[in-house]
Amino acid sequence: MNNKGFTVIELLASFALTMVITVFLFEVLIEVKDTFADTSVKTAIQQKSSIISKNIKTLLLDSGGTATCSTSTCTIGGKTLQISGNTVTINGQKFAMPDTVSIKNHNIETSCDSSNTNCYLYFQMTLTSGNLKKDYDYDVTYYY
């Protein structure tokens, strides 16, 4: 008699191979999703950060070189730079981080040499998000 069906071993091998391929493709899909989420949040943070940097540079250029800072507030030529909650405020204009991002640590400090000719403003934030694989550090030093 001529048997044209599959044996039990062939069926099990076929099922096992299908399951391995399915699990592998699922893992690849999850990794691509995580990478996309991480990249899109970082892009939003970098866009916000570049706008903040541009505004800080404008404040420093307009200030004539006077700045006093504490941990979260800096007065530059009578105008303020402040970090409060998840928002950076520069001279009354608020720059909120994306909804999923929060500012974990921050620091603003300034220093000048004895002749007040070589000064810098150091602005640092550590941003965290459930969508990021690790924290995002924003560290910028402005010389004025």
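The values are calculated or read from the model by the stated rules, or taken from the named source; none is laboratory data. Remember, it's a predicted structure, so these values are computed and weren't measured experimentally. Note that each Cβ is placed from the backbone with ideal geometry, even for glycine, and that neighbours are counted across all protein chains shown.
Couple of notes before you dig in:
- Verdict on CYS112 being farther than 19 Å from THR58 by Cβ and either of a type in the set (Phe, Trp, Tyr) or modelled with pLDDT under 85 (or both): yes
- Scanning the stretch 110-144 for residues that are farther than 19 Å from VAL41 by Cα and not in a strand (DSSP E or B) returns ASP113, SER114, SER115, ASN116, THR117, ASN118, TYR144.
- Residue match in the stretch 2-25 (condition: in a loop (DSSP other than H, G, I, E, B) and at pLDDT 80 or above): yes
- Evaluation of ILE30 against (1) surrounded by 13 or more Cβ atoms within 10 Å (Cβ to Cβ); (2) modelled with pLDDT of 85 or more; (3) aliphatic (A, V, I, L, M) (one fails), failing number: (1)
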